[in-house]
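Presented below is the structure to which this report refers.
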Amino acid sequence: MQTLFTNGQILDGEGKALAHHAVLVDGPNIARVAPQGEFDGFSGPKADLAGGTLLPGLIDCHVHLCYAGEGNPGRAVEDLTAGEITIRALRHALASLRGGITTVRDCGGVDYLEFAVRDACNAGYFTGPTIRAAGLMICMTGGHGNRFGRIADGEQEVVKAVREQVHAGSDLIKLMATGGVMTPGVNPEDAHYSAEEMAVGIAEGHRFHKPCASHAQGTEGILNAVRGGIDSIEHGIFMNEQCVQEMISRGTYLVPTIAALANILRGADKVPEYVIEKTRRVAEAHRRSLTMFYEAGGRIAMGTDAGTPFNMHGENAQELGLMVEYGLSPMDAIVAATSNAADLNQLSEHGRIKAGAKADLLGVNGDPLADIAAVSDKSNHHFVVKSGALAAGSYA
Ligand SMILES: [Zn+2]
């Protein structure tokens, strides 16, 4: 079946705004993007943008589907059965799609339960987002992520841990380069894995053609990950000039996850004290790092860390508002959330509006280039389309 999306602005996800154009969707794909007049004879169903904007469905490169955004999400999961965790992960995936997120990348799950949700959504048993999942985050003894990660020490064991994730069915490898905010007793500033451990882990992931992502907050840990060939630095809180230059020269992505810190402070009274203290300690450095990286021309891909305290699945689009608040232009924030995020996920047919791309689309009221709230505040969303089918809202 064909549907013509018409009567609005088109943002192609690669940085172009098209006026007076229409988009023809045929089945699950985009068939054609052309000036509106060229579709004059089209008699099939039309989706009227009503003067609003059509953009590619958003891609969140950093979520945790198994966590629900409680004050202490790790503790909350301990009380649940495997079945309950799986069902909540599915609910979170569906909520993400309804919030305009047509692809998510899970950066650390629980006992591979999220793989079942990924497989069910990707196979089309549920109308959910496209899902990529890391499996267990790989971390050192005493390091960040210990409660649910795969603990591995020394080069040989890190290699084995990577192989285990691949064996279990992971799409990417997640390695913990530094301490973090959510684990008690560790410092975000400190490097955790050594340069050697990072390098062998990343090389092993790449040997299986898996992108590698690193939770990396402190300067030394960021450099260990970047020099080891990491594909994306997640969070990137304490970046200095050297981090920025080395990342740009290697094409390393930054996935800032501003929503993680912003929401911890919003729900402060229900979050453990050590989390609040560390968040306050790092927030300003995070803003400086992101601004410096952006102004130097670095590649940014959108990610939220949804599932962390008060950082709710389905509200992921808020990250675009935060990126603009931190200095990105609205167009660059949209590119970060569409084609850049698709490229980081090795999904070149996602995150753009052009002939042959997947028909994952978000229609919004208003012009996000004039006010990013048209995208970041989901009450302005008009409809969500997944693989050519209406997934939320209506064409009316
Ligand atoms: Zn995370």
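Since every read-out is calculated from the coordinates, none of them should be taken as a lab result. In this text, all values refer to a predicted model and were calculated from it rather than measured experimentally. Methodologically, a virtual Cβ is constructed for each residue, glycine included, from the backbone with ideal geometry; neighbour enumeration extends over all protein chains shown.
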Legend entry - Cα→Cβ-extended label distance, 7 Å offset, between residue 167 and residue 283, nm: 4.4 nm
Legend entry - Straight-distance crosslink candidates among lysines, where the alpha carbon sits under 24 Å from residue 270 and sequence neighbours closer than 8 are dropped: 278
Inset, instruction - Please work out the FRET efficiency for the pair residue 266 and residue 325, using the Cβ-Cβ distance as r and a Förster radius of 22 Å; give the result to the nearest 0.05. - result: 0.95
Inset, instruction - Quick one: check the C-alpha center-to-center distance for segment 300-375 versus segment 235-273, whole angstrom. - result: 17 Å
Legend entry - From the C-alpha gyration tensor of the chain, square roots of 5λ in Å: 35, 21, 20
Inset, instruction - For every helix of n ≥ 4 consecutive DSSP H residues, a contribution of -39,500 (n - 2.57) applies; sum these over the chain, divide by its total residues, and give [θ] at 222 nm rounded to the nearest 500 deg cm²/dmol. - result: -10500 deg cm²/dmol
Inset, instruction - Place a +1 charge on the Cβ of each Lys and Arg in the chain and a -1 charge on the Cβ of each Asp and Glu, then give the dipole magnitude about the Cα centre in debye, rounded to the nearest 20. - result: 520 debye
Inset, instruction - For a label point 7 Å from the Cα of residue 126 along Cα→C-beta, name the residues of segment 67-83 whose backbone N is under 17 Å from it. - result: 67-69, 81-83
Inset, instruction - Compute the length gained on full extension between residue 80 and residue 1: take 0.36 nm times their separation in residues and subtract their Cα-Cα distance, giving the result in nm to one decimal. - result: 24.2 nm
Inset, instruction - Report the paramagnetic label zone for residue 50: residues of segment 365-386 whose backbone N is under 16 Å from a point 7 Å from Cα along the Cα-to-Cβ axis. - result: 365-368, 374-375, 378-385
Inset, instruction - Over 19 Å between C-alpha atoms is what I'm after, so list which of 358/386; 16/354; 174/210 land there. - result: none
Inset, instruction - For segment 153-239, report the translational diffusion coefficient in µm²/s to the nearest whole number, using Stokes-Einstein at 20 °C, 1.002 mPa s, and a Kirkwood Rh over Cα pairs. - result: 171 µm²/s
Inset, instruction - Could you work out how far apart the two model spin labels at residue 42 and residue 160 are, taking each label as a point 7 Å from the Cα in the direction of the beta carbon, and quote it in nm? - result: 5.7 nm
